[in-house]
Amino acid sequence: MPRANQRAGTGAGAMDGYEQGRGAGGRPPPGPRVGIAALSPPYQVAAALVLAIVALVTCVHLAMVFLHVAPPNTVSKQHGQAVDDWVYPEFEQNWKLFAPNPLQQNIAVEARAKFRTEDGGIRHTEWHGLSAQDGAAIDGNLVPSHTQQNQLRRAWDYYTSTHDTRNRPNGMRGELSEEYLRRIAVLRIGREEPAQSSDNFLSVQVRSVTTNVQPPSWSGEKLDPKPVIRLLPWWNVTSQDMEVRDR
């Protein structure tokens, strides 16, 4: 009898342990909480709020980029300024949705300067390849800056869109584009010729050399390989231009 009682006691103890392991109602106890559920209620609210903000900003960004690259429509025309303010300059896109227009020309922007030397003479520099400088800085660079990628290109696009073929400005925006392009040329040339800093910087001249990108041989299309040069007038360098260079 004692052995029977002992076996009965052992069985009852095992059953009690099983019931404790199963928890109330015979269900297994819940496992440890992970993720946001492991946080206290105030932190859960904060995390949910941050996720909602990130999701909202992502949706707004995708919508703005879509409107930027999509063909003109009612929404993009009505809110075009807001779209441009969001996209430029960090998220600029050089393509269009549904109507891709790849670049078919290579445009090289070059500049030269005129200095007055200490003995009163005039010295002309050689042409400095501004586009070539940007290309060399970008080539092999995994994270090129927006200045290297876009500053000169946007300045030249800005100039050509605000001037006619005879380099006459179309209003105040044309004058502003001249000032912007001139200061870029002064800054770049000043970096290239530090040994001549004692000379007086008189003026700069900018030109573009446009070459057609030749189509593949199988297309049968032929383009003139001769480069087209657009020569801009000499621009006098102002004291404000020199202040920008010396910063």
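The values are calculated or read from the model by the stated rules, or taken from the named source; none is laboratory data. These numbers come from a predicted model, not from an experiment. Methodologically, a virtual Cβ is constructed for each residue, glycine included, from the backbone with ideal geometry; neighbour enumeration extends over all protein chains shown. Accessible surface areas use protein heavy atoms only, side chains included; no ligands, DNA or RNA. Shrake-Rupley method; radii C 1.70, N 1.55, O 1.52, S 1.80 Å.
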In whole Å, what is the distance between the alpha-carbon centres of region 32-47 and region 173-238?
-> 58 Å
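Ordering Thr74, Thr58, Thr238, Thr162 by how much accessible area each has at a 1.4 Å probe, largest first, what is the list?
So the residues, ranked largest to smallest area, are Thr74, Thr58, Thr238, Thr162.
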Phi to ³J(HN,Hα) by Karplus 6.51 cos²θ - 1.76 cosθ + 1.60 over region 208-221, Hz, x for Gly, Pro | 10, 10, 9, 10, 5, 7, 5, x, x, 4, 6, 6, x, 7
Sort the following peptides by mean Cβ neighbour count (other Cβ atoms within 10 Å, averaged over residues), highest first: 153-159, 87-93, 177-183.
-> 177-183, 153-159, 87-93
Give me the number: length gained by fully extending Thr210 to Ser145, i.e. 0.36 nm times residue separation minus the C-alpha to C-alpha distance, one decimal in nm.
-> 21.0 nm
With all protein chains present, calculate the accessible area of Arg168 using a 1.4 Å probe and round the result to the nearest 10 Å².
-> 130 Å²
Ignoring ligands, DNA and RNA, how do His68, His79 rank by accessible area with a 1.4 Å probe, largest first?
-> His79, His68
Magnitude of the charge dipole, region 91-185, Cβ model with Lys/Arg +1 and Asp/Glu -1, debye to 20 = 240 debye
Which far-off residues, 5 or more places away or on another chain, put their amide H under 5 Å from the one on His128, with H placed in the peptide plane?
-> Ala111, Arg112
Descending Cα extents along the principal axes, region 136-242, whole Å | 55, 37, 24
Out of Tyr180, His163, Val244 - ranked by how far each Cα lies towards the positive end of the dipole of region 154-247, with unit charges on the beta-carbon of charged residues - the top one is His163
With only Lys, Arg, Asp and Glu charged, each at its Cβ (+1 for the first two, -1 for the last two), find how big the charge dipole of region 44-152 is about the Cα centre; round to the nearest 20 debye.
-> 260 debye
